[in-house]
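Colleague: Take this structure, written in structure tokens, and hold onto it; I'll ask about it next.
The values are calculated or read from the model by the stated rules, or taken from the named source; none is laboratory data. Keep in mind that this is a model prediction, so the values were computed, not measured. A quick note on method: Cβ atoms are made from the backbone with ideal geometry, for glycine too, and the neighbour counts reach across all protein chains shown. SASA here: full protein model, heavy atoms, side chains in, ligands and nucleic acids out. Shrake-Rupley method; radii C 1.70, N 1.55, O 1.52, S 1.80 Å.
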Amino acid sequence: MKRLIALVLLFALALAQGLEAFWKAVEVPGGVCADGSPYRFYVSPGDPRKVVVDFQGGGACWDQATCGPESRTYRKRVDVQELYLAQGIYNRMSVANPFFGWTHVFVPYCTGDLHVGRATVDYGGFKVHHQGARNAQAALEYVFRNHTNPERVFVTGCSAGAYGAVLWADKILATYKNAQIAVCGDAGVGVVTEDFPGFTAWNPRLPELPGLSSPPKVSEIYRALAQAYPKAVLAQYTTLLDGTQIYFYALMKKEAAPSEATAREWAVAAERAVGFPASEANYTYYLAPGSQHCILPRPELYTLKVGEVSFLDWLRALAEGRTPPRVRP
């Protein structure tokens, strides 16, 4: 009864104060977005022993066409609509949320570089600040400083945030050697063209792990992390025909809209990429039918079921530090 009263009071406070009732903005001195605007991240307080580190999605850019001032392929400044919508894992009021009561650190994305860029690039008449590494580093330093000995850590992100999660996971795993840690990429499986120029343009901060090519493939990073940190759980989610991932793959191929051949090509490569780390016992995945992009920010998190395994149960196992079964249609 006391818990119910507390939740009602918290909800009333949220209505009165808006976003600030749940999320505290943390300004980052020197942090910068693609268009030069200032950067900040957000923290929703909870149990200090249980921490979600969550990298936001929001596209990417890598050349004059995709990085232009009118381009809609990437976020150019801090925009936290996920927090306002409060769906999926952002529903801080729902006891069904596997992360109910956890501290949640939300790392906004506004640099077009998968959270790892270390360059300011002149694309011919305009500059883009690909400084995602600086911003993400500041957020992680805050986490490490304020949560010195957590019991559980869940590292995740949707879309471009899925890349942020896996590309910074080595830093988090190396810092929290005694914690139960799960890393779950949501809809960012790493299918790119052979000549993708992004990593050259961004001068990225990349994991230093054995067995990686240069630049490393996302599938290689998952396997290397699973091998280097056998107590951690590594996981991925995607739909088999993810429309947004296919769209960006088509952009890399200079297609204005994805052809059927490109969609099929991506689907084959995506299944191969997700399956590549499967030789490791602490790696798992959840493949769903359809073309929807991401699940963690969506209400479908609570309803999706493939075969006999609900996504909610699968996610709850990750939150508890267990390795759930691999799921596919």
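Colleague: For region 138-162, enumerate the residues that are open to solvent by 50 Å² or more (accessible area, probe 1.4 Å) and within 21 Å of A25 (Cβ to Cβ).
Modeller: The answer is E141, R145, N146.
Colleague: Taking the stated definitions as given, is T262 among the β-branched types (V, I, T), surrounded by 13 or more Cβ atoms within 10 Å (Cβ to Cβ) and not in a strand (DSSP E or B)?
Modeller: yes
Colleague: Related question: Among the listed residues A224, A174, A228, A201, which satisfies the condition of being at pLDDT 95 or above and open to solvent by less than 20 Å² (accessible area, probe 1.4 Å)?
Modeller: Among A224, A174, A228, A201, only A224 is at pLDDT 95 or above and open to solvent by less than 20 Å² (accessible area, probe 1.4 Å).
Colleague: Among what's in region 278-291 and is part of a loop (DSSP other than H, G, I, E, B) and touching a strand residue (DSSP E or B) at 6+ places or on another chain (Cβ under 7 Å), pick the residue that is farthest from G188 (Cα to Cα).
Modeller: Among them, the one singled out is N282.
Colleague: What number goes with the only condition from (1) without any contact (Cβ under 8 Å) to a residue 60 or more places away in the chain; (2) open to solvent by 20 Å² or more (accessible area, probe 1.4 Å) that G68 does not pass?
Modeller: G68 satisfies every listed condition except (2).
Colleague: Need the failing condition index for C294 against (1) buried (at least 18 other Cβ atoms within 10 Å of the Cβ); (2) outside any strand (DSSP E or B); (3) out of contact with any Cys (no Cβ under 6 Å at 6 or more places or on another chain), just the number.
Modeller: Every condition holds for C294 apart from (3).
Colleague: Another one. Report, ordered by the first and then the second residue, all pairs with beta carbons closer than 7 Å, sequence separation of six or more or different chains, a first member in region 18-34 that is at pLDDT 95 or above, and a second member that is open to solvent by less than 20 Å² (accessible area, probe 1.4 Å) and part of a loop (DSSP other than H, G, I, E, B).
Modeller: Short answer, once both residue conditions are applied: C33/C110; C33/T111; A34/C110; A34/T111; A34/G112.
Colleague: With respect to P289, determine if the residue is open to solvent by 60 Å² or more (accessible area, probe 1.4 Å), within 20 Å of the chain's Cα centre (by Cα) and not basic (K, R).
Modeller: In short, no.
Colleague: Let me ask you something else. From the residues in region 171-210 that are in a strand (DSSP E or B) and in contact with a helix residue (DSSP H, G or I) (Cβ under 9 Å, 6 or more places away or on another chain), which one is farthest from A269 (Cα to Cα)?
Modeller: Filtering first and then ranking leaves I181.
Colleague: Here is a further query. Tell me the residue from G243, G211, G190 that is within 18 Å of the chain's Cα centre (by Cα) and either surrounded by fewer than 16 Cβ atoms within 10 Å (Cβ to Cβ) or among the charged types (D, E, K, R) (or both), please.
Modeller: Among G243, G211, G190, only G243 is within 18 Å of the chain's Cα centre (by Cα) and either surrounded by fewer than 16 Cβ atoms within 10 Å (Cβ to Cβ) or among the charged types (D, E, K, R) (or both).
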